[in-house]
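Q: Dropping a structure here in C-alpha coordinates format, bear with me for questions.
The values are calculated or read from the model by the stated rules, or taken from the named source; none is laboratory data. What you are looking at is a predicted structure, and each value in this text was computed from that prediction instead of being measured. When we count neighbours, we look across all protein chains shown, and the Cβ atoms used for this are built from the backbone with ideal geometry, even at glycine. Surface accessibility is based on the protein's heavy atoms, side chains included, excluding ligands, DNA and RNA. Shrake-Rupley method; radii C 1.70, N 1.55, O 1.52, S 1.80 Å.
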Amino acid sequence: VTVRDALNQALDEELERDERVFLLGEEVAQYDGAYKISRGLWKKYGDKRVIDTPISEMGFTGIAVGAAMAGLRPVCEFMTFNFSMQAIDQVINSAAKTCYMSAGSIAVPIVFRGPNGASAGVAAQHSQCFAAWYGHCPGLKVVSPWSSEDAKGLLKASIRDDNPVVMLENELLYGVPFEMSEQAQSKDFVVPIGKAKIERQGTHVTLVSHSRPVGHCLEAAAVLAKEGVECEVINLRTIRPMDIETVEASVVKTNHLVTVEGGWPQFGVGAEICARIMEGSAFNYLDAPAVRVTGADVPMPYAKILEDNCIPQVKDIIFAVKKTLNI
(Lines give C-alpha, C1' and ligand atoms only; values in the text may rest on other atoms or scores of the structure.)
Protein backbone atom coordinates (compact mmCIF):
# COMPACT_ATOMS: atom_id res chain seq x y z
CA VAL A 1 0.00 0.00 0.00
CA THR A 2 1.46 3.38 -0.95
CA VAL A 3 1.65 6.21 1.56
CA ARG A 4 -0.78 8.12 -0.67
CA ASP A 5 -3.40 5.34 -0.42
CA ALA A 6 -2.83 4.96 3.32
CA LEU A 7 -3.55 8.67 3.85
CA ASN A 8 -6.58 8.46 1.59
CA GLN A 9 -7.91 5.48 3.58
CA ALA A 10 -7.41 7.34 6.85
CA LEU A 11 -9.27 10.45 5.63
CA ASP A 12 -12.09 8.35 4.17
CA GLU A 13 -12.52 6.35 7.40
CA GLU A 14 -12.47 9.41 9.66
CA LEU A 15 -14.86 11.42 7.45
CA GLU A 16 -17.23 8.44 7.62
CA ARG A 17 -16.77 7.88 11.36
CA ASP A 18 -17.40 11.45 12.57
CA GLU A 19 -19.56 13.95 10.70
CA ARG A 20 -17.72 16.85 12.40
CA VAL A 21 -14.60 16.03 10.39
CA PHE A 22 -14.09 17.94 7.14
CA LEU A 23 -11.20 18.60 4.77
CA LEU A 24 -10.30 21.96 3.25
CA GLY A 25 -7.42 23.27 1.19
CA GLU A 26 -6.30 24.16 -2.31
CA GLU A 27 -7.41 21.69 -5.02
CA VAL A 28 -8.58 19.07 -2.47
CA ALA A 29 -12.09 18.61 -3.88
CA GLN A 30 -12.76 18.70 -7.62
CA TYR A 31 -9.14 18.04 -8.60
CA ASP A 32 -8.85 15.14 -6.08
CA GLY A 33 -5.94 16.87 -4.33
CA ALA A 34 -2.70 18.27 -5.72
CA TYR A 35 -1.06 14.93 -4.82
CA LYS A 36 -4.26 12.87 -5.16
CA ILE A 37 -4.40 12.24 -1.40
CA SER A 38 -8.10 13.15 -1.31
CA ARG A 39 -8.98 11.14 -4.44
CA GLY A 40 -12.69 10.28 -4.57
CA LEU A 41 -13.60 12.02 -1.30
CA TRP A 42 -15.40 15.01 -2.81
CA LYS A 43 -17.54 12.72 -4.98
CA LYS A 44 -18.38 10.61 -1.93
CA TYR A 45 -18.93 13.31 0.71
CA GLY A 46 -19.83 16.42 -1.26
CA ASP A 47 -19.16 20.16 -0.96
CA LYS A 48 -19.86 20.47 2.76
CA ARG A 49 -17.19 17.98 3.83
CA VAL A 50 -14.47 18.46 1.20
CA ILE A 51 -13.92 22.11 0.42
CA ASP A 52 -11.81 23.79 -2.26
CA THR A 53 -10.38 27.07 -0.99
CA PRO A 54 -8.94 30.13 -2.71
CA ILE A 55 -5.16 30.47 -2.78
CA SER A 56 -5.09 32.26 0.56
CA GLU A 57 -3.46 30.20 3.31
CA MET A 58 -4.03 32.89 5.91
CA GLY A 59 -7.73 32.97 5.05
CA PHE A 60 -8.60 29.28 4.94
CA THR A 61 -6.39 28.40 7.91
CA GLY A 62 -8.24 31.06 9.91
CA ILE A 63 -11.56 29.57 8.81
CA ALA A 64 -10.37 26.11 9.85
CA VAL A 65 -9.13 27.25 13.27
CA GLY A 66 -12.41 29.08 13.92
CA ALA A 67 -14.38 26.00 12.89
CA ALA A 68 -12.33 23.90 15.33
CA MET A 69 -13.01 26.35 18.17
CA ALA A 70 -16.71 26.10 17.35
CA GLY A 71 -16.68 22.31 17.70
CA LEU A 72 -15.90 20.94 14.25
CA ARG A 73 -12.79 18.85 13.50
CA PRO A 74 -11.14 20.30 10.39
CA VAL A 75 -8.26 18.81 8.43
CA CYS A 76 -6.45 21.73 6.84
CA GLU A 77 -4.19 20.79 3.94
CA PHE A 78 -1.28 22.96 2.82
CA MET A 79 -0.05 22.31 -0.69
CA THR A 80 3.37 22.36 0.93
CA PHE A 81 4.35 23.38 4.44
CA ASN A 82 6.44 26.20 2.98
CA PHE A 83 3.08 27.91 2.35
CA SER A 84 2.06 27.44 5.98
CA MET A 85 4.35 30.45 6.61
CA GLN A 86 1.53 32.57 5.17
CA ALA A 87 -0.67 31.27 8.00
CA ILE A 88 1.81 30.72 10.81
CA ASP A 89 0.05 33.30 12.97
CA GLN A 90 -3.15 31.26 12.75
CA VAL A 91 -1.32 28.00 13.52
CA ILE A 92 0.72 29.30 16.47
CA ASN A 93 -1.18 32.23 17.97
CA SER A 94 -4.73 31.11 17.25
CA ALA A 95 -4.56 27.31 17.31
CA ALA A 96 -1.64 26.33 19.54
CA LYS A 97 -2.09 28.85 22.37
CA THR A 98 -5.87 29.03 22.73
CA CYS A 99 -6.40 25.98 24.95
CA TYR A 100 -3.85 27.29 27.46
CA MET A 101 -5.03 30.90 27.28
CA SER A 102 -8.65 29.85 27.86
CA ALA A 103 -7.63 27.71 30.86
CA GLY A 104 -8.68 24.62 28.92
CA SER A 105 -12.19 25.76 28.11
CA ILE A 106 -11.65 26.12 24.36
CA ALA A 107 -10.19 23.10 22.58
CA VAL A 108 -8.89 23.43 19.02
CA PRO A 109 -9.13 19.94 17.48
CA ILE A 110 -7.52 20.59 14.11
CA VAL A 111 -5.00 18.84 11.88
CA PHE A 112 -2.64 20.80 9.63
CA ARG A 113 -1.20 18.43 7.04
CA GLY A 114 0.73 18.43 3.79
CA PRO A 115 4.15 17.69 2.35
CA ASN A 116 7.18 19.01 4.25
CA GLY A 117 10.90 19.08 3.52
CA ALA A 118 12.77 18.53 0.29
CA SER A 119 11.08 17.23 -2.82
CA ALA A 120 12.93 16.98 -6.13
CA GLY A 121 14.00 20.02 -8.12
CA VAL A 122 11.76 22.60 -6.47
CA ALA A 123 14.53 24.86 -5.08
CA ALA A 124 14.74 26.90 -1.90
CA GLN A 125 11.18 28.15 -1.43
CA HIS A 126 9.58 24.71 -1.65
CA SER A 127 12.14 22.46 0.05
CA GLN A 128 12.31 23.56 3.67
CA CYS A 129 11.71 21.25 6.62
CA PHE A 130 9.49 22.69 9.36
CA ALA A 131 9.84 19.95 11.97
CA ALA A 132 12.04 22.14 14.18
CA TRP A 133 9.85 25.23 13.69
CA TYR A 134 6.62 23.59 14.79
CA GLY A 135 8.34 21.25 17.26
CA HIS A 136 9.50 24.38 19.08
CA CYS A 137 5.97 25.48 20.02
CA PRO A 138 4.12 24.33 23.15
CA GLY A 139 0.45 23.63 22.51
CA LEU A 140 1.06 21.86 19.22
CA LYS A 141 1.64 18.19 18.62
CA VAL A 142 3.91 17.44 15.66
CA VAL A 143 4.01 14.09 13.86
CA SER A 144 6.21 12.99 10.97
CA PRO A 145 5.35 9.63 9.38
CA TRP A 146 7.66 7.47 7.30
CA SER A 147 5.81 4.27 6.27
CA SER A 148 2.22 3.75 5.14
CA GLU A 149 1.39 2.34 8.56
CA ASP A 150 2.79 5.48 10.23
CA ALA A 151 0.88 7.71 7.82
CA LYS A 152 -2.49 6.05 8.29
CA GLY A 153 -2.19 5.48 12.04
CA LEU A 154 -0.85 8.95 12.83
CA LEU A 155 -3.40 10.78 10.65
CA LYS A 156 -6.26 8.94 12.34
CA ALA A 157 -4.79 9.61 15.79
CA SER A 158 -4.29 13.29 14.87
CA ILE A 159 -7.89 13.73 13.70
CA ARG A 160 -9.19 12.13 16.92
CA ASP A 161 -6.87 14.20 19.14
CA ASP A 162 -8.41 17.25 20.83
CA ASN A 163 -5.29 19.35 20.31
CA PRO A 164 -3.93 21.02 17.19
CA VAL A 165 -1.64 18.58 15.39
CA VAL A 166 0.84 19.41 12.63
CA MET A 167 1.37 16.40 10.36
CA LEU A 168 4.51 16.67 8.26
CA GLU A 169 4.33 14.32 5.29
CA ASN A 170 6.90 13.89 2.54
CA GLU A 171 6.06 14.31 -1.12
CA LEU A 172 8.71 11.82 -2.25
CA LEU A 173 7.18 9.12 -0.03
CA TYR A 174 3.62 9.45 -1.40
CA GLY A 175 4.20 6.95 -4.20
CA VAL A 176 6.33 4.53 -2.17
CA PRO A 177 4.62 1.19 -1.37
CA PHE A 178 5.03 -0.37 2.10
CA GLU A 179 3.79 -3.65 3.54
CA MET A 180 0.72 -3.06 5.70
CA SER A 181 -0.45 -5.64 8.22
CA GLU A 182 -4.09 -6.79 8.45
CA GLN A 183 -4.31 -4.88 11.71
CA ALA A 184 -3.13 -1.66 10.07
CA GLN A 185 -5.77 -2.05 7.36
CA SER A 186 -8.60 -2.12 9.92
CA LYS A 187 -10.77 0.90 10.68
CA ASP A 188 -9.79 0.92 14.37
CA PHE A 189 -6.05 1.18 13.72
CA VAL A 190 -4.28 4.19 15.24
CA VAL A 191 -0.61 4.88 16.00
CA PRO A 192 -0.30 6.59 19.39
CA ILE A 193 1.15 10.10 19.16
CA GLY A 194 4.39 10.47 21.13
CA LYS A 195 5.71 6.95 20.69
CA ALA A 196 8.76 6.13 18.56
CA LYS A 197 9.21 2.79 16.79
CA ILE A 198 12.35 0.67 16.57
CA GLU A 199 12.49 -0.29 12.89
CA ARG A 200 15.61 -2.42 13.24
CA GLN A 201 17.31 -3.92 16.30
CA GLY A 202 21.05 -3.46 16.71
CA THR A 203 23.83 -3.36 19.28
CA HIS A 204 26.63 -1.09 18.02
CA VAL A 205 25.09 2.29 17.25
CA THR A 206 21.72 4.03 17.53
CA LEU A 207 20.39 5.83 14.42
CA VAL A 208 17.49 8.20 15.16
CA SER A 209 15.51 9.69 12.32
CA HIS A 210 12.07 10.79 11.12
CA SER A 211 10.22 10.93 7.81
CA ARG A 212 12.07 9.96 4.61
CA PRO A 213 15.60 9.64 6.12
CA VAL A 214 14.37 6.61 8.14
CA GLY A 215 14.55 4.72 4.83
CA HIS A 216 18.10 5.96 4.27
CA CYS A 217 19.04 4.82 7.78
CA LEU A 218 17.73 1.32 7.08
CA GLU A 219 19.67 1.21 3.79
CA ALA A 220 22.84 2.35 5.58
CA ALA A 221 22.22 -0.24 8.31
CA ALA A 222 21.97 -3.00 5.67
CA VAL A 223 25.30 -1.95 4.14
CA LEU A 224 27.01 -1.66 7.55
CA ALA A 225 25.67 -5.07 8.64
CA LYS A 226 27.80 -6.63 5.89
CA GLU A 227 30.82 -5.03 7.57
CA GLY A 228 29.80 -6.41 10.96
CA VAL A 229 28.26 -3.21 12.35
CA GLU A 230 24.74 -3.66 13.74
CA CYS A 231 22.74 -0.40 13.73
CA GLU A 232 19.59 0.10 15.77
CA VAL A 233 17.25 2.29 13.71
CA ILE A 234 14.63 4.37 15.54
CA ASN A 235 11.77 5.98 13.62
CA LEU A 236 10.71 8.92 15.82
CA ARG A 237 7.22 9.21 14.27
CA THR A 238 6.46 12.10 16.63
CA ILE A 239 8.57 15.27 16.91
CA ARG A 240 6.56 16.76 19.77
CA PRO A 241 6.06 15.33 22.36
CA MET A 242 9.36 13.57 21.65
CA ASP A 243 9.78 9.98 22.82
CA ILE A 244 13.23 10.46 24.33
CA GLU A 245 12.85 7.37 26.55
CA THR A 246 13.08 5.01 23.56
CA VAL A 247 16.21 6.81 22.36
CA GLU A 248 17.76 6.73 25.85
CA ALA A 249 17.09 3.01 26.25
CA SER A 250 18.75 2.37 22.88
CA VAL A 251 21.79 4.54 23.67
CA VAL A 252 22.25 2.70 26.99
CA LYS A 253 22.44 -0.49 24.91
CA THR A 254 24.57 0.68 21.96
CA ASN A 255 26.70 3.44 23.58
CA HIS A 256 26.74 5.44 20.33
CA LEU A 257 24.29 7.92 18.79
CA VAL A 258 23.83 9.30 15.28
CA THR A 259 20.83 11.50 14.43
CA VAL A 260 19.66 11.88 10.82
CA GLU A 261 17.29 14.52 9.44
CA GLY A 262 16.64 16.37 6.20
CA GLY A 263 16.36 19.79 7.85
CA TRP A 264 18.99 22.40 8.66
CA PRO A 265 21.50 21.76 11.46
CA GLN A 266 21.07 24.79 13.71
CA PHE A 267 18.44 24.30 16.44
CA GLY A 268 17.19 21.23 14.59
CA VAL A 269 15.57 17.96 15.66
CA GLY A 270 18.98 16.28 15.93
CA ALA A 271 20.28 19.15 18.08
CA GLU A 272 17.33 18.66 20.45
CA ILE A 273 17.88 14.90 20.69
CA CYS A 274 21.60 15.42 21.43
CA ALA A 275 20.78 17.97 24.13
CA ARG A 276 18.15 15.74 25.76
CA ILE A 277 20.54 12.78 25.78
CA MET A 278 23.28 14.95 27.29
CA GLU A 279 20.93 16.18 30.05
CA GLY A 280 19.66 12.70 30.88
CA SER A 281 21.09 9.57 32.47
CA ALA A 282 21.96 7.99 29.10
CA PHE A 283 24.82 10.47 28.65
CA ASN A 284 27.03 8.41 30.99
CA TYR A 285 26.69 5.45 28.62
CA LEU A 286 27.99 7.26 25.51
CA ASP A 287 31.43 6.05 24.41
CA ALA A 288 31.81 8.78 21.79
CA PRO A 289 30.27 12.17 21.01
CA ALA A 290 26.88 12.02 19.32
CA VAL A 291 27.00 12.87 15.59
CA ARG A 292 24.36 14.74 13.59
CA VAL A 293 23.67 14.09 9.92
CA THR A 294 21.55 16.95 8.54
CA GLY A 295 20.70 18.88 5.43
CA ALA A 296 23.30 21.43 4.37
CA ASP A 297 23.14 24.84 6.06
CA VAL A 298 22.09 26.67 2.88
CA PRO A 299 18.83 27.50 1.10
CA MET A 300 18.14 24.49 -1.15
CA PRO A 301 19.81 24.94 -4.58
CA TYR A 302 17.92 24.14 -7.77
CA ALA A 303 20.71 22.31 -9.62
CA LYS A 304 20.36 18.53 -9.27
CA ILE A 305 23.97 17.86 -8.31
CA LEU A 306 23.92 20.59 -5.66
CA GLU A 307 20.55 19.40 -4.35
CA ASP A 308 21.91 15.85 -3.93
CA ASN A 309 24.81 17.24 -1.93
CA CYS A 310 22.45 19.21 0.31
CA ILE A 311 20.26 16.26 1.32
CA PRO A 312 21.65 13.53 3.62
CA GLN A 313 22.49 10.46 1.55
CA VAL A 314 23.13 6.86 2.63
CA LYS A 315 26.88 7.42 2.23
CA ASP A 316 26.75 10.35 4.69
CA ILE A 317 25.07 8.15 7.30
CA ILE A 318 27.65 5.38 6.83
CA PHE A 319 30.44 7.94 7.15
CA ALA A 320 28.93 9.33 10.38
CA VAL A 321 28.53 5.85 11.88
CA LYS A 322 32.14 4.97 11.10
CA LYS A 323 33.28 8.28 12.55
CA THR A 324 31.47 7.74 15.84
CA LEU A 325 32.64 4.11 16.07
CA ASN A 326 36.15 5.18 15.10
CA ILE A 327 36.51 2.64 12.27
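Q: Quick one: is Tyr35 open to solvent by 80 Å² or more (accessible area, probe 1.4 Å) and in a loop (DSSP other than H, G, I, E, B)?
A: no
Q: Has the stretch 14-37 got at least one residue that is over 19 Å from Pro115 (Cα atoms), hydroxyl-bearing (Ser, Thr, Tyr) and in the same structural domain as Val111 (by the TED database)?
A: No, that holds for no residue.
Q: Against the condition basic (Lys, Arg), touching a Cys at 6+ places or on another chain (Cβ under 9 Å) and either open to solvent by 40 Å² or more (accessible area, probe 1.4 Å) or not assigned by the TED database to the domain that holds Ala10 (or both), how does Lys97 come out, does it pass?
A: When the stated conditions are applied, Lys97 passes them.
Q: Going through the stretch 217-248 one residue at a time, which ones are more than 19 Å from the chain's Cα centre (by Cα) and not in a helix (DSSP H, G or I)?
A: Glu227, Gly228, Val229, Glu230, Cys231, Glu232
Q: Another question, if that's okay. Give the residue, chosen from Val258, Val269, Val251, that is modelled with pLDDT of 95 or more, open to solvent by less than 20 Å² (accessible area, probe 1.4 Å) and within 18 Å of the chain's Cα centre (by Cα).
A: Val269
Q: Among the listed residues Glu182, Glu169, which satisfies the condition of being surrounded by fewer than 24 Cβ atoms within 10 Å (Cβ to Cβ) and either in contact with an Asp or Glu (Cβ under 6 Å, 6 or more places away or on another chain) or more than 21 Å from Ile106 (Cα to Cα) (or both)?
A: Glu182
Q: If you don't mind, another one. Confirm whether Glu307 is surrounded by 17 or more Cβ atoms within 10 Å (Cβ to Cβ), acidic (Asp, Glu) and in a helix (DSSP H, G or I).
A: For Glu307, the condition - surrounded by 17 or more Cβ atoms within 10 Å (Cβ to Cβ), acidic (Asp, Glu) and in a helix (DSSP H, G or I) - is met.
Q: Quick check on Tyr45: is it assigned by the TED database to the domain that holds Pro138, closer than 30 Å to Met300 by Cβ, at pLDDT 95 or above and in contact with a strand residue (DSSP E or B) (Cβ under 9 Å, 6 or more places away or on another chain)?
A: no
Q: If you don't mind, another one. Picking from Phe112, Phe83, which residue would you name as being outside any loop (DSSP other than H, G, I, E, B), in contact with a strand residue (DSSP E or B) (Cβ under 7 Å, 6 or more places away or on another chain) and aromatic (Phe, Trp, Tyr)?
A: Result of the check over Phe112, Phe83: Phe112.
Q: Which residues, counting only those in the stretch 272-295, are open to solvent by less than 60 Å² (accessible area, probe 1.4 Å), farther than 14 Å from Ile234 by Cα and touching a residue at least 24 places away in the same chain (Cβ under 8 Å)?
A: Within the stretch 272-295, Ile277, Gly280, Ala282, Leu286, Ala288, Ala290, Val291, Val293, Thr294, Gly295 meet the criteria.
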